[in-house]
Amino acid sequence: MTAEETKLNVEKALEEIRPFLQSDGGDISLISIDNTKVTVQLQGACVGCSVNQMTLKSGVEMTIKKYAPHIVDVVNIS
């Protein structure tokens, strides 16, 4: 998978996740992709949410890996 294909697939994954985050007053942005690591930024209500790490790992990371299986890690920057 090329870098461009990876970016498109990660963006597709984020589009799948975004409505769920927005329904709770949050959002997510793609910051960067570095080989097998994706950096995102949770926004809005997601920033102060007590379960944002669970959302990141079980929701965001799982969905990104579905679209781009070679991704190993998804991290949030604040």
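The values are calculated or read from the model by the stated rules, or taken from the named source; none is laboratory data. Predicted model, so just to flag it, every value in this text is computed and none were measured. For neighbour counting, all protein chains shown are included, and Cβ atoms are generated from backbone atoms with ideal geometry for every residue, glycine included.
Residue by residue, here is whether (1) surrounded by 11 or more Cβ atoms within 10 Å (Cβ to Cβ); (2) touching a strand residue (DSSP E or B) at 6+ places or on another chain (Cβ under 7 Å); (3) not charged (D, E, K, R) holds:
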| site | (1), (2), (3) |
| --- | --- |
| N9 | yes, no, yes |
| K12 | yes, no, no |
| E16 | yes, no, no |
| G26 | yes, yes, yes |
| T36 | yes, yes, yes |
| V40 | yes, yes, yes |
| N52 | yes, yes, yes |
| K57 | yes, no, no |
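Between N9, N76, N35, the distinction of being of a type outside the set (D, E) and at pLDDT 95 or above belongs to N9 only.
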